[in-house]
1. Can you give the angle from 0 to 90° between the axis of helix 12-30 and the longest principal axis of the chain, with both taken from C-alpha atoms, to the nearest 10?
2. Let me check against my output: what whole-number percent is the relative contact order of the chain, with C-alpha pairs under 8 Å and at least 6 apart?
3. For residue 60 and residue 244, calculate 0.36 nm times their separation in residues minus their Cα-Cα distance, and state this gained length in nm to one decimal.
4. Does anyone have the angle between helix 106-115 and the longest principal axis of the chain? Alpha-carbon axes, 0 to 90°, nearest 10?
5. Counting only helical runs of four or more DSSP H residues, what would the 222 nm mean residue ellipticity of the chain come to if each run contributes -39,500 (n - 2.57) and the total is spread over all its residues?
6. If R₀ is 45 angstrom, what is the calculated FRET efficiency for the pair residue 27 and residue 52, using the beta carbon separation as r and rounding to 0.05?
7. Given the peptides 60-67, 26-33, 45-52, arrange them by the average over their residues of other C-beta atoms within 10 Å, most packed first.
8. What is the spin-label model distance, in nm, from residue 197 to residue 265 if the labels are put 7 Å beyond Cα along the C-beta direction?
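Coordinate-derived values only; no laboratory data. Quantities reported herein were computed from a predicted structural model and do not represent experimental measurements. For neighbour counting, all protein chains shown are included, and Cβ atoms are generated from backbone atoms with ideal geometry for every residue, glycine included.
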């Protein structure tokens, strides 16, 4: 595996291998066992979208692995002033050992990988969020002891989170049901992929149908970064697409709840359900660190 651009590119074995490594690195960190696998290596972190978890987890992760992270804001790079991404890729490849980018267009991430000569990691695009889903899968496996055979449910927008969860769940043996309003479905590329898995994937309009007998219930904000102007329109469209007590009653009695954060209590999730499942949600947030360290080691060691 040369890059980590989207889960569609990964085999089941590669995903599970990185999850196993993430578990190992988390154990070692908790027990004070050094794992400086990237001693002397540098990771350039390009941010065209703001971040809390992505920046801190990658920066701390590189430090714990013995490497050096460089925060590269698009405001400070020539890429933010019109330098072609292919030129940026070729220049940074001569200085760095890896690039992580958090941006809007998936095409920009793919271009960095095509023209550069070092590993490229997708820290988030409008199309997918593979690093977050690795943390989600890691958390589910920690709490449930397995992935294969479980049912995942996602309620909300057919956005980068839904796209990546569909791929990640199906590739690791889970079934997944999603619920979204008309006009907010995942793109054709994702639906075509899911169709290959037959009855392991269903898309509904009614959230209750998707949540029925779910082992894991997941949601995300209704208006993602860059969609702020659509917030009022989306609030109307997603009315009823909320994780609340009634919806959780349709899931299994021991169902867990995940949220990639930040959460808007009272919109996509109620405050009481969020707090009831806070242990799972914040373990999920912590696991961004461990899962991403596994990606870094896999690509850069």
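1. It works out to around 80 degrees.
2. 21
3. Here the segment from residue 60 to residue 244 would lengthen by 62.8 nm.
4. Once rounded, one gets 30 degrees.
5. -13000 deg cm²/dmol
6. 0.95
7. Sorting 60-67, 26-33, 45-52 by mean packing, highest first, produces 60-67, 45-52, 26-33.
8. 3.2
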